[in-house]
1. Run down A:342, A:348, A:365 and say which single residue is in contact (Cβ under 8 Å) with a residue 12 or more places away in the chain, outside any loop (DSSP other than H, G, I, E, B) and either within 14 Å of another protein chain (Cβ to nearest Cβ) or among the β-branched types (Val, Ile, Thr) (or both).
2. Working only within region A:28-39, note down all residues that are open to solvent by 30 Å² or more (accessible area, probe 1.4 Å) and in contact with a helix residue (DSSP H, G or I) (Cβ under 8 Å, 6 or more places away or on another chain).
3. Condition first: under 23 Å from the mean Cα position of the chain (by Cα) and open to solvent by less than 30 Å² (accessible area, probe 1.4 Å). Now tell me which residues in region B:164-187 satisfy that.
4. Please pick out the residue among B:270, B:315 that is modelled with pLDDT of 85 or more, in a strand (DSSP E or B) and acidic (Asp, Glu).
5. Where the second residue is part of a helix (DSSP H, G or I) and among the charged types (D, E, K, R) and the first is more than 30 Å from residue A:332 (Cα to Cα) and at pLDDT 90 or above and lies in region B:33-58, which pairs have Cβ atoms under 8 Å and are six or more apart or on separate chains?
6. Considering region B:318-341 alone, what residues qualify as being open to solvent by 10 Å² or more (accessible area, probe 1.4 Å), closer than 23 Å to residue B:43 by Cα and assigned to a strand (DSSP E or B)?
7. From the residues in region A:331-360 that are among the polar types (S, T, N, Q) and crowded, with 17+ Cβ neighbours inside 10 Å, which one is farthest from the chain's Cα centre (by Cα)?
8. Could you check how many residues of region A:204-255 are within 14 Å of chain B (Cβ to nearest Cβ) and either small (Gly, Ala, Ser) or at positive phi (or both)?
Amino acid sequence: MTELISRIVGGLNTPVFLTRFLVTVLIMLVSGAIVLGISLLYEGLATYAERKVAGDIQARIGPNRVGPYGLLQFVADGVKLLLKEDIIPFYADKWLFILAPYIVFTVSFAAFVPLSYSDHIAVANLNVGVLYIIAISSVVSMAILMGAWGSNNKWSLFGGMRAVAQIVSYEIPIVLSLLAAIILPASMNMRDIIVYQGGGLGIFRWLVFNNPFTFLAFFVYFIAAIAEVNRTPFDIPEAESEIVAGYHTEYTGMRFAFFFMAEYGDMFVVSAIATTLFLGGWHLPFIGGISMPLWLRDVLQVAVFFMKVFVLIYLMMWIRWTLPRLRVDQLMELCWKYLTPIAFFNLIGASVWVLLLHGRGIYDIIARIIVH
Amino acid sequence: MPAADERFMQVNMGPQHPSTHGVLRLLVSTDGEVLRDARPYIGYLHRSLEKIAERVTYPQFTPFTDRLDYLASMNCNLAYAMTVEKLLNIEIPRRAQILRVIMAELNRISSHLIAFGSFSSDMGAFTPFLFGIREREFINDLFEMTCGSRLTYNYIRIGGVSQDIPEGFIGKTREFLDYFPAKIKEYNELLSYNAIFIKRLANIAVISTQDALDYGVTGPNLRASGIPWDLRRSEPYLIYNELDFNIPVGKGEVGTVGDAWDRYMMRIYEMEESSRIIRQCLDMLAPGDYTAKVSKVLKPPAGEVYVRAENPRGELGFYLVSDGSTKPYRLKIRAPSFANLSIIPKLARGVMIADLIAIIGSMDIILPEIDR
């Protein structure tokens with residue numbers, strides 16, 4: 001990016017430091033807008049997909065009226081939500097109430113930034129990408145509590161307390177599982193982690209296949225991630241049949257839509273992390289060795305990355321429409337009695353594996369044995 | 001209204017709440033997630049049906065019985081018709097009796113399907129609800145063929161039924177009966193034996209045999225507590241004594257006898273038994289009159305009767321006093337859900353909010369017959 005900036009600045013005839021600053025801001029704005037546009041489009045389509053998947057599972061059709069195959073349903077929904085009356089309860093804590101949805105949405109959107117979509121496409125190539133995402137998604141629990149408390153509604157308060165308890169608890173197995181994967185590439189940079197998983201036909205060097213501990217860590221991560229994004233069977237903070245709508249009970253119109261979009265954004269982010277850390281990111285399976293133009297490679301890589309993410313999202317939807325909900329104490333039990341100890345065991349196991357075998361995965365070992 | 005205790009949070013669950021099955025209002029006082037107690041407040045659906053009965057003639061009240069337990073209108077019609085017939089001392093033709101049993105049992109299945117479905121959605125699994133609705137649709141179609149309506153049938157009249165079954169009814173019913181067992185198996189695989197579902201319900205809200213008797217709990221809820229009391233067997237009416245069917249009793253398959261899971265499972269078993277009953281009735285169906293000769297104006301002799309019948313939700317009783325005129329002098333309705341509701345405060349003490357939902361759902365109460 002620095003190179004790009006100097007190239008643009010070099011062609012202009014103004015004081016360097018000012019132009020440099022303006023161009024940097026401009027590039028940030030443009031790339032931010034692109035990501036925002038793509039993520040909004042994705043969120044719209046994801047709600048459509050969710051409804052279609054649900055319809056398929058529940059022996060019904062799902063949206064099919066607006067646009068071809070009902071594809072524009074999300075536009076209609078968006079317009080409807082925009083035109084709805086924006087109700088702020090009289091006794092609400094107005095600042096908290098108004099701020100909460102924006103924070104939730106901003107945070108979920110901000111987590112798109114360090115993701116590496118292909119070899120050359122990323123908004124920011126952060127060297128602490130994983131840490132950044134974990135840190136920034138923790139803010140969600142605060143924003144949810146703000147909204148829940150600010151609503152001045154007892155059901156919202158229940159939902160908020162449940163959400164905070166759940167998200168804070170499940171962050172532990174998530175971080176531990178991610179650590180078990182991170183110690184192999186020894187980097188928190190999303191791109192480095194993916195590059196580390198290259199080779200082996202683009203499949204066998206995925207971290208999930210690296211050793212038994214990372215394999216287990218992937219499942220621990222995925223279960224905890226479903227809890228992190230509040231989806232069935234862990235949708236306790238917004239358990240409709242118990243506490244009405246949980247923390248967003250009092251929200252209407254666009255404010256509600258922000259919570260809603262944030263949920264789908266979070267789904268993408270947790271799936272993208274799983275893809276990046278465990279499932280080889282954008283590496284092309286089988287055809288990675290074939291020489292092809294750079295743009296084609298990038299396009300294919302983006303496609304592969306999104307395919308993997310969407311498979312995981314589909315899995316989440318499938319689980320959601322199949323399983324009943326856990327009770328709040330059972331949820332905590334699952335986290336503290338099962339997932340957290342397993343995740344600790346994974347971390348230790350993976351560390352020992354790295355120490356003894358110098359980070360060689362099962363594939364490398366087998367390949368070596370065959371070669372010799 | 002009890003004086004609010006500062007240590008506990010008072011929350012109104014209902015009358016508008018996703019899982020209070022209508023307009024039940026529970027005043028819940030909680031210590032966080034744990035309930036101290038829950039008091040039901042009823043009457044939001046009061047339509048003074050008992051008083052209306054004193055102002056209309058005997059046949060004119062039949063449509064009002066549809067509005068008692070609207071999910072089992074046929075059974076309510078049946079109980080009322082039997083009450084007036086006992087007062088009038090009318091003999092019902094055999095074909096009409098068999099038709100009544102067929103309709104009552106079909107309605108029992110459709111009512112239990114709703115109970116199954118709404119309970120599953122209370123537990124956070126929405127898909128089984130739609131599966132239940134899908135099968136109920138068949139039964140609704142059968143009823144529509146027979147009497148033109150899909151919810152409030154007004155089909156079983158004093159003296160028999162309003163009209164004979166149409167052509168093709170028997171074939172379609174057999175089709176449904178052949179199709180249904182596979183679906184019950186599907187329900188069991190999807191929900192009944194789901195690990196999370198069992199975890200949520202086993203040993204929750206146990207009604208002991210003595211409690212069930214003390215509170216006048218009837219129907220599947222009573223049988224789940226281990227008492228094989230079913231009016232179709234204990235005090236046979238119509239042609240039930242000629243039919244071969246089992247009375248399912250709670251055995252504590254996954255927990256204690258009389259827990260929420262047992263109560264839920266009773267309904268699944270009863271759907272199977274009702275299917276058997278309908279099959280036998282279809283075989284017994286011979287040509288004949290579908291109604292007895294009943295004069296247009298009914299003037300029963302002065303006197304009083306009490307007749308009860310086994311509704312999907314328990315014993316529905318009609319206590320009818322006649323003064324010899326064309327209108328009842330007094331009609332008292334013994335609604336099963338009313339008695340079943342009365343045990344909820346006892347069960348709700350010290351459980352969690354999510355369990356309260358399980359309690360309400362597993363009791364399968366219906367508000368219109370409680371409020372009348």
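The values are calculated or read from the model by the stated rules, or taken from the named source; none is laboratory data. Small disclaimer: the values here were computed from a predicted structure and weren't measured. Reconstructed Cβ throughout: ideal geometry from the backbone, glycine too, with neighbour counts over all protein chains shown. When the accessible area is computed, the model is the full protein with side chains, heavy atoms only, and any ligands, DNA or RNA have been set aside. Shrake-Rupley method; radii C 1.70, N 1.55, O 1.52, S 1.80 Å.
1. Selected residue: A:342, the only one of A:342, A:348, A:365 that is in contact (Cβ under 8 Å) with a residue 12 or more places away in the chain, outside any loop (DSSP other than H, G, I, E, B) and either within 14 Å of another protein chain (Cβ to nearest Cβ) or among the β-branched types (Val, Ile, Thr) (or both).
2. Answer for region A:28-39, where residues must be open to solvent by 30 Å² or more (accessible area, probe 1.4 Å) and in contact with a helix residue (DSSP H, G or I) (Cβ under 8 Å, 6 or more places away or on another chain): just A:36.
3. The answer is B:173, B:176, B:177, B:180, B:184, B:187.
4. Answer to the check: B:315.
5. none
6. Those that are open to solvent by 10 Å² or more (accessible area, probe 1.4 Å), closer than 23 Å to residue B:43 by Cα and assigned to a strand (DSSP E or B): B:319, B:330, B:332, B:334.
7. Among those that are among the polar types (S, T, N, Q) and crowded, with 17+ Cβ neighbours inside 10 Å, it is A:346.
8. 7
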